[in-house]
Amino acid sequence: MTNPLDATPSVKVTVTGAAGNIAYSLLWRIGSGEVFGADTLVDLALLDIPSAVGTVDGVAMELNDSALGNVRSITVTDDPAKAFDGANAAFLVGAKPRGEGESRADMLAANGKIFVEQGRAINDHAADDVRVLVVGNPANTNAYIANKAAPDVGAEHFNALMRLDHNRAISMLSEKLGEHSSAFENIVVWGNHSDTQFPDTTYATVGGESVADRVEREWYENEFIPRVAKRGGEIIKVRGRSSAASAASAAVDHMRDWVTGTEGKWTTAAVVSKGSYGVDEGLVFGFPVIGINGRWGVVEGLELDDDQRARVDANIEALRAEAEIADKLF
Ligand code: NAD
Ligand code: LMR
């Protein structure tokens, strides 16, 4: 007798850092059909380091006990070749989180080499249509490293997560203006997932009205921009550890929109630059993007005034400096 599940569309999804905090939220969202669609089954590959595989076995047991509608199979492994074999999507979460007082760039020494190894495994084993979303910090430069380590896979297959910054920007505007988050459009967070990032409301609207007309410039420059940029640190201070459920939620938003599109609406994704807005080719940079036909298109042709230009340039500088360190890993 044939199994009806064999005829259902399916994707192989690799999640690294599967024993960690973010994965503990993310896996359930993936398994519930929120990312790849209610009609698509997922074969999950859970990767972690050897000392954490026991914990991942426990996570897999809990996933099974949840009887999630979209999970077809679960593989637990510490072998990147096995984890990425045939992967259609990969969430690269596994990396050390920062503690209080550390910068995300400080994480490069500890985490950078992980992405050389995983980029190589993706290059050799993943499916041709693989979508790689780097979450582990410093996310932009780790995505730069993974892309560089995978020369046979097109650069458009590698993204870094800046949707959390985008969601934080919307949330702060929503609180300030007393408008629901769903009413905001045309927000972008340019640059690096770090304190230099530039949450930009120049083009933003709420219910069709210009956001810039409704917030004071002083608040925008001195409260909004720095608070969004430093929100990760604020969470670490208050919660005692780095953001997890909100990061998982943003990763769900990012991958879902990458796969299914944004219906012409802007969002933020860190993608490998092809030179837009003067960003060096190859740097992984937060841009305004629209998801269409399973790909991101950068929103081109926006005029940047001197203030915007300076803030974008600060991010180019910072990412160039990180890339210089990352290049030494090869
Ligand atoms: P965590 O410490 O709870 O879990 C990290 C997991 O990664 C651990 O299980 C660890 O064993 C595993 N790991 C380490 N090296 C690995 C390797 N080579 N292969 C596979 N797994 C490996 O951390 P977390 O809270 O889940 O955060 C994970 C990362 O995500 C951190 O770097 C954190 O800073 C980052 N983060 C990014 C964003 C973002 O918006 N981009 C948001 C929040 C957190
Ligand atoms: C975040 O923005 O919450 C994460 O990148 C964690 C951190 O180190 O800030």
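Once you wrap a convex hull around the alpha carbon atoms of region 14-59, what is its projected area averaged over all directions, in nm²?
Values: hull surface 12.0 nm².
Quarter of the Cα hull surface area: 3.0 nm².
Can you bin every Cα-Cα distance in region 162-329 into 5 Å intervals starting at zero and give me the percent of pairs per bin, rounded to whole numbers?
That works out to 1, 9, 17, 22, 21, 18, 9, 3, 1, 0, in percent per bin.
Along region 157-171, what does the Karplus equation 6.51 cos²θ - 1.76 cosθ + 1.60 (θ = phi - 60°) give for ³J(HN,Hα), rounded to whole Hz, x for Gly and Pro?
8, 10, 10, 10, 7, 10, 5, 5, 4, 4, 5, 5, 4, 4, 4
Anything over 25 Å Cα to Cα? Flag those among K82/K113; K274/K328; K96/K328; K82/K265; K176/K230, in the order listed. Don't skip to the end; give the middle numbers.
Values: K82/K113 19 Å; K274/K328 22 Å; K96/K328 20 Å; K82/K265 37 Å; K176/K230 17 Å.
The answer is K82/K265.
Tell me the net charge near T55. Cut-off is 13 Å between Cβ atoms, T55 excluded, with +1 for each Lys or Arg and -1 for each Asp or Glu. The partial results should precede the final answer.
On the way: positive: none; negative: D48, D57, E62, D78.
For residues surrounding T55, the net value is -4.
Please work out the average accessible area per residue across the chain, using the 1.4 Å probe convention, and give it in Å². Intermediate values should be presented prior to the final figure.
Values: 14250 Å² over 330 residues.
Accessible surface, normalised per residue, equals 43 Å².
Using only Cα atoms, what is the ratio of the radius of gyration of the chain to 2.2 N^0.38 Å?
On the way: Rg = 19.3 Å, N = 330, 2.2 N^0.38 = 19.9 Å.
Against the empirical 2.2 N^0.38 Å value, I get 0.97 for the chain.
Can you tell me how much longer the chain between T8 and D195 gets when fully stretched, taken as 0.36 nm per residue apart minus their C-alpha distance, in nm with one decimal? Let's see the in-between values first.
Numbers: separation 187, 0.36 × 187 = 67.32 nm, distance 4.38 nm.
Net length gain for the segment: 62.9 nm.
Taking a ≥ b ≥ c as the square roots of the eigenvalues of the Cα gyration tensor of region 287-330, is the shape rounded (a/c under 1.5), prolate (a/b larger than b/c) or oblate? Can you show the working numbers first?
On the way: a/c = 4.88, a/b = 1.25, b/c = 3.91.
Oblate is the answer for region 287-330, as a/c is 1.5 or above yet b/c matches or exceeds a/b.
What are the extents of the Cα atoms of region 4-160 along their three principal axes, listed from largest to smallest and rounded to whole Å?
48, 34, 25
Given the peptides 155-162, 9-16, 47-54, 212-219, arrange them by the average over their residues of other C-beta atoms within 10 Å, most packed first. Don't skip to the answer; put the middle values down first.
Working: 155-162: 24.6, 9-16: 22.6, 47-54: 16.2, 212-219: 12.1.
Per-residue mean Cβ counts within 10 Å order the peptides as 155-162, 9-16, 47-54, 212-219.
Would you kindly work out the equivalent ellipsoid of region 98-243 from its C-alpha gyration tensor and give its semi-axes, the square roots of five times the eigenvalues, largest first in whole Å? Walk me through the numbers on the way to the answer.
Working: eigenvalues 208, 73, 25 Å².
That gives 32, 19, 11 Å for the three semi-axes.
Report, for the chain, the % of DSSP beta bridges that are antiparallel, rounded to 5. Mind dumping the intermediate values first?
Numbers: 20 of 43 bridges.
Percentage antiparallel, nearest 5: 45.
Quick check: net charge around L44, other residues with Cβ under 11 Å of its Cβ, Lys/Arg +1 and Asp/Glu -1?
On the way: positive: K12, R72; negative: D43.
Around L44, the surrounding residues sum to +1.
Run the accessible area of region 4-160 with a 1.4 Å probe and give the carbon-and-sulfur part as a rounded percent. If you can, show how the numbers build up before the last one.
On the way: 3080 of 6180 Å².
The computed percentage sits at 50.
How much of the accessible area of region 162-329, probe 1.4 Å, is carbon plus sulfur, in whole percent? Don't skip to the end; give the middle numbers.
Working: 3480 of 7530 Å².
Percent of accessible area from carbon and sulfur atoms in region 162-329: 46.
Using the per-residue mean of other Cβ atoms lying within 10 Å as a proxy for protection, in what order, highest first, do the peptides 307-314, 81-88 fall?
On the way: 307-314: 15.8, 81-88: 19.2.
Ranked from most to least packed, the peptides come out as 81-88, 307-314.
The values are calculated or read from the model by the stated rules, or taken from the named source; none is laboratory data. Given the structure is predicted, the values throughout are model-derived calculations rather than measurements. Methodologically, a virtual Cβ is constructed for each residue, glycine included, from the backbone with ideal geometry; neighbour enumeration extends over all protein chains shown. Note: areas computed on protein heavy atoms with side chains; ligands, DNA, RNA excluded. Shrake-Rupley method; radii C 1.70, N 1.55, O 1.52, S 1.80 Å.
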